[in-house]
Amino acid sequence: MNKQKRNSILIIDDEKSNIIALSNILNTEYSVYAVRDSREALEAAEKDIPDVILLDILMPEMDGYAVISELKKSEKTRDIPVIFITGLESKEAEEKGLALGAVDYIQKPFTTAVVKLRVLNQIKLIERQRQQALMTKITHSFLSGTDVDILFTDTLRMVGEFMDIAQVLIYMNEADSNILICKNEWINPKLNLESRLDDRFDLKEPIITLINDLLASGRLSLHSNDPSYIEILKPYRRHFNNYITTPIFIKGKMCAVLDFSKEEDGRQWSESEIDLAVLVSNVFSGVIERNAIEHDLNTVLKLKAELIAAKERAEHLSHAKSEFLARMSHEMRTPMNGIVGMLEIIKMGSIPEEIKKFFDVINGASNDLMRIINDILDVSSMEYGVFKLTSVNFDAYELFNDVLQTASHNASEKQQSLKFNIDPTIPASLKGDEKRLKQVLAKLLSNAIKFTPEKGEIHFDSQVLHAGNNTITLQISISDNGIGISKEQQEKLFVIFEQVDGGLSREHSGIGLGLALSKRIIEMMDGKISVESELNKGAKFIFTCKFLID
């Protein structure tokens, strides 16, 4: 086996100096290979299917735009993330590449940290997607009705092959004893290893105390990365010193152990590997517990008490999480508000114009950071189920005016025209969450401005879709004649942490939360959001939302 399972990077660039520079930056962590001819590059990508492609824009015969267009046509290569490498400073060049499906840009001359981080971002996303696909496959298999022992064997094989490790073992606790027995295994066929089936492991001190501490602390795994208990386990690790062990507890008692082992000692476990081991352990825990219940109906009434206790613990944790998020919101926003406020005070004083420009840059960056903080806190609140809408009376026309006034100012900086139509039949007084509606409108207008070229047009339209006795449903659309969105990109629009432009480019920056947040807020307002778009033909976002009326 290789010392390290390495992701592969294909560099496509006709300049040898660029290839050498990028290879030197990346080859310590990845398998890097390069092609200087753009047509040969297409054949190499089809043959080897690299994890990430770094593609130069300016090349003879076929430029980078033509190459990525061909890559996206092929079923084999269409999903490979492509990062453009370029010395061009043109905003139009970036927009064209992103519209064709590039996920990010790296500017020349290369900065080691930037190159590594942008490649790592794509590798992490790929690993997350692959891990999700594997867990979906495993979960579905356990719903198929196949014999459990067969399913365990198949799952161990899938996980072992996915992680490219030496072996995965299941040790079951023998009834009414402290003895663990190996009941199932997967051993890498590339290795000449002995079977561990029926191996017996007698739990003694200090292992019993360690296991009880794990249960009490809620820790989910033991692994050789962690030096805090490596010395305790070392005498008991007879075959491998590089491992993850995930105990399975049912009703306060350990009933099984999953053991994941690597042959080599020098390769550290990644966070994603540890997380995957825990996820697999959770699946096995559910299956083992389900089987135990099927074989012993008397356990149903224990189970009831535990569910009640679990519900109480969950409610306690939910309350604790709510308090934590409230504290985090205060602690993160308070210093940022102070920074922004002090900047405004400084700007009001008599300072030179050239210095005032610097404060404008700082102020803009601070406001961007505040928006990111707010988005992250909102997503966390949603994930923990503590995100709620408020209901207050507000003036709809005043809200529209505030949002459109800010958008008009931003559009004017790009010499864009913002046209709007507000249905006069919309009641002035509505009741709902004014702040969240404004957040959604501001995000959609901001995106329209961001992805529309200079001197472009943006249209805002609002109308009454349905009016009842005490409720009203509005339909709002925001359209532009910008770079547009492909069908493939539209599928990722409202997924958390995904972006249309996919990266950290100068013009199209962000962390991929805004549209996902907007979708959830709109759904909480009993509405829906959709998009109509084609590449280079602009985009139109349409959403509905419901409010109370007096």
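The values are calculated or read from the model by the stated rules, or taken from the named source; none is laboratory data. Owing to the predicted nature of the structure, the values given are computational and were not obtained by experimental measurement. Glycine also receives a Cβ, built like all others from the backbone with ideal geometry; neighbour counts cover every protein chain displayed. Just the protein is used for accessible areas: all its heavy atoms, side chains included, with ligands, DNA and RNA removed. Shrake-Rupley method; radii C 1.70, N 1.55, O 1.52, S 1.80 Å.
Points to keep in mind about this one:
- Listed by chain and number, the lysines whose alpha-carbon sits under 19 Å from that of Lys251, ignoring those within fewer than 8 places in the same chain, are Lys302, Lys304, Lys311.
- Tail beyond 21 Å, pair distance distribution of region 121-253 (Cα, percent): 52 percent
- For region 16-96, the fraction of alpha-carbon pairs in successive 5 Å shells from zero, as %: 3, 13, 26, 26, 19, 10, 2
- Computed over all pairs of different Cα atoms, the Kirkwood value for the hydrodynamic radius of region 127-180 is 12.8 Å.
- Taking every alpha-carbon pair under 8 Å whose residues sit at least 6 apart, region 430-496 reaches a relative contact order of 29 percent.
- Most tightly packed first, judged by the mean number of other beta-carbon atoms within 10 Å of their residues, the peptides 244-254, 229-239 read 244-254, 229-239.
- Sorted largest first by accessible area at a 1.4 angstrom probe radius, with every protein chain in place, the residues His459, His223 fall in the order His459, His223.
- Approximate spin-label separation Gln132-Lys357, in nm, with each point projected 7 Å along Cα-to-Cβ: 4.4 nm
- Annotation: Met342 carries an accessible surface of approximately 110 Å², with a 1.4 Å probe and no ligand, DNA or RNA atoms counted.
- Descending semi-axes in whole angstrom, ellipsoid equivalent of region 100-163, from the Cα gyration tensor: 39, 12, 6
- Ordered from highest to lowest accessible area with the whole protein assembly present and a 1.4 Å probe, Ser446, Ser533 read as Ser446, Ser533.
- Solvent exposure, largest accessible area first (probe 1.4 Å, DNA, RNA and ligands not counted), of Glu263, Glu312: Glu312, Glu263
- Extension reserve of the Lys487-Ser272 stretch, reckoned as 0.36 nm per residue once the Cα distance is removed: 74.4 nm
- Packing-based order for 25-37, 121-133, using average beta carbon neighbours within 10 Å, highest first: 25-37, 121-133
- Translational diffusion coefficient (Stokes-Einstein; Kirkwood radius from C-alpha pairs) of region 198-259 at 25 °C, 0.890 mPa s, in µm²/s: 200 µm²/s
- For region 1-150, size of Cβ-based charge dipole, Lys and Arg +1, Asp and Glu -1, in debye: 520 debye
- Separation of alpha-carbon centers, region 1-60 and region 112-183, rounded to whole Å: 29 Å
- Ranked by the mean number of other Cβ atoms within 10 Å of their residues, highest first, the peptides 424-434, 470-480, 203-213 fall in the order 470-480, 424-434, 203-213.
- Computed from the alpha carbon positions, the gyration tensor of region 49-108 leads to an equivalent ellipsoid with semi-axes of 18, 12, 11 Å, biggest first.
- Take the Cα radius of gyration of region 1-139 and divide it by 2.2 N^0.38 Å, N being the number of residues; the result is 1.04.
- Contour minus Cα-Cα distance for Asp395 and Val531 (0.36 nm per residue): 46.2 nm
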